[in-house]
Amino acid sequence: MPDVNSEVGLLQVAWSASSEPARRKFLAELFRDVVRPATTRRGGVVVADALSSFFDDSLVRGSSADRIQASILYAAYVRWCDVRGEAPLSARRFALHLKERGIKRLHSNVRWWIGLRFADRKASDAAR
């Protein structure tokens, strides 16, 4: 009998007490809400989303006054991927993923991503 005083034991009891349709629904929701957002498809193969790691390692969400030139941000991402042996997304797919994350783009004489800044100065300098 699982230890109901531990989180894992409690989950085991709940899992064994639930019906097959309830288990299927739980797994479908888990995949939809947790697994799928953290992965992306490349060439029909599901791989970890390097973009999320790049964001965590290199960027900070800032105010609307913060902005990064689009070409510099993409260059920093490509360099980050190269260092880690990851295959970078194309510039177009990279931009689509930024838009999906709610990041706004501004067009002037150059393109900017608004509300982002590099976590440290080295990251922005390395991209230039």
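The values are calculated or read from the model by the stated rules, or taken from the named source; none is laboratory data. Everything quoted here is computed from the prediction, not taken from an experiment. Cβ atoms come from the backbone with ideal geometry, glycine included; neighbour counts cover every protein chain shown.
Scanning region 30-76 for residues that are at pLDDT 75 or above and out of contact with any Ser or Thr (no Cβ under 8 Å at 6 or more places or on another chain) yields a count of 22.
Looking across region 87-122, the residues that are surrounded by fewer than 17 Cβ atoms within 10 Å (Cβ to Cβ) and of a type in the set (A, V, I, L, M) come down to Ala87, Ala91, Leu96, Leu106, Val110, Ile114, Ala119.
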